[in-house]
1. Rank these for me by crowding, 355, 398, 165, going from fewest to most other beta carbons within 10 Å.
2. Can you tell me the length gained on complete extension of the stretch residue 98 to residue 41, counting 0.36 nm per residue apart and subtracting the Cα distance?
3. Restricted to Cα positions, what overall size does segment 5-141 have along the principal axes? Three whole-Å values, descending.
4. For a bin width of 5 Å, list the pair-distance distribution of segment 240-415 built from all Cα-Cα distances, rounded to whole %.
5. Once Rh for segment 229-288 is found with the Kirkwood sum over Cα pairs, what is the Stokes-Einstein diffusion coefficient at 37 °C and 0.692 mPa s, in µm²/s?
6. Please arrange 279, 298 by counting, for each residue, the other beta carbons lying within 10 Å of its beta carbon, fewest first.
7. Where in segment 376-396 is the amide nitrogen less than 15 Å from a point lying 7 Å along the Cα-to-Cβ axis of residue 126?
8. Select from 198, 323, 227 the residue whose mean-square fluctuation is largest in a Gaussian network model of the chain (Cα-Cα springs shorter than 10 Å).
C-alpha cells in the first residue's frame with residue numbers, strides 16, 4: 001500500500017476544531033469485532049461516566065457505539081472530549097472515528113481523498129491545506145486499504161467496461177474541468193456537464209481510450225460550452241413526474257434519524273410514511289424532518305429567490321469538485337453505480353441543496369439565500385450522500401434514471417437556480 005500515491009483536492013482545507021458535531025450528530029459508528037474486544041478490554045465503568053452494558057450495541061452480526069439519552073456518543077464527556085482518546089490516545093479510537101470526515105478511495109495506482117461536508121470545518125474550508133496532510137492521510141489509509149491490496153478494475157462509465165484506470169479517470173477529469181470554471185454559475189456548469197455526458201451516453205462513447213477519448217471528449221465538452229454559453233432564458237418547470245420523484249430525493253437527503261427514532265422504530269416508520277405522503281402531494285406544510293427545518297408551506301420553496309452570491313457559488317463549486325476528484329459519486333464509493341449514473345445523482349444534489357437552502361431561508365421569512373443557508377443545506381444533503389441505504393436501493397436508482405431520461409435533472413437545476 002505504501003507505493004500508492006495519495007491525491008487530495010489541493011483547494012480544500014480541513015482540521016478538526018473540536019466542535020463535536022460528529023459525536024452528537026446521530027452518526028452510527030460501527031466497529032469491528034476486534035475493536036469491540038479492545039473497547040471492552042479498556043475496563044470502562046459507570047464511575048468513568050460509561051455504562052459497559054450500553055456502550056456497545058449489537059445489530060445482527062455488526063456492532064456500533066452506543067448513544068447517550070441526548071443522542072451524543074456514549075464516550076463523549078461533559079467537556080466535549082472523547083473519553084477513549086483522552087485516556088488511551090487517538091489510536092485507541094474506532095477506525096471510523098479516526099477517519100471522519102475523510103473518505104479514501106482506491107483509483108488504480110493511487111488513492112484519492114474526498115471529505116464529508118456534514119463536518120462544519122470541511123464545509124467552511126477551515127484548517128490546514130489538505131496538500132500538507134498527505135503523510136497523516138497515508139497513515140490513516142493503512143486502516144482501510146489492505147497491505148496486500150492490488151489494483152482492481154475501475155467502475156464502468158456506462159456499461160461493462162474494458163477501460164483501465166487512466167482512461168476511466170480521463171472522463172472524470174473532463175467533468176472536473178467543466179465544473180472548475182470560476183466565472184460560470186454552478187448551475188450552468190452542471191448543465192454543460194449533463195449535456196456532453198448525455199451525448200456520451202447516447203452515442204455509447206463509454207469505451208473510448210487514449211488520444212481518441214481526448215479528442216471526442218474535448219469536442220463534446222467544448223460544444224456543450226458553446227451551446228450553453230449562458231443560462232437559458234426559457235426556464236420551463238420540471239415535469240409533474242419529475243417534481244414528484246425529486247421531492248422523494250429531497251426527503252431522503254433531508255431526513256435525520258435520531259436516537260429516539262432508533263429506540264422507537266414503529267413510531268419512526270409511521271412518521272416517515274406520513275412525511276412521504278406529504279412530500280408526494282406537496283400540499284400544506286412541509287414535514288419537519290429534522291430540528292433545524294422550521295414549518296413552512298411547500299409553495300414557499302417554489303418562489304424565485306434570486307441569483308446566488310459569489311461566495312455561495314464558490315462554496316458549491318468546491319463541494320462538487322471535491323466529490324468528483326475523490327470519486328465520491330460512483331463505483332465502490334457510491335453504491336457501485338457507473339460513472340454516468342453516479343453523476344446524475346451528484347448533479348441532482350444541486351437542486352436538493354437549493355431546495356433545502358430555500359427551506360431554511362423561508363423558515364426565517366427571508367426571500368434570498370445566504371452563504372450560511374447553502375452551507376447548512378450542503379451539510380444536510382451530504383450526511384446521506386453515499387451513506388443512506390435507501391438512496392442505493394433499486395427504487396431510488398430507477399427514479400433517478402427516469403429523471404435523466406426526461407431531462408428533468410437539467411430542468412431542476414435551472415428551476416431552483418432562479
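Rule-based calculations on the coordinates, nothing more; no lab input. Here the structure is a predicted model, which means the values were calculated and not measured. Methodologically, a virtual Cβ is constructed for each residue, glycine included, from the backbone with ideal geometry; neighbour enumeration extends over all protein chains shown.
1. Least to most surrounded, the residues fall as 398, 165, 355.
2. 18.6 nm
3. Principal axes ranked by extent give 45, 30, 25 Å for the Cα atoms.
4. Going from the shortest bin to the longest, the percentages are 1, 8, 17, 22, 22, 17, 10, 3, 0.
5. Using the Kirkwood radius from Cα pairs, D works out to 242 µm²/s.
6. By the 10 Å Cβ count, ascending: 298, 279.
7. 376, 379
8. 227
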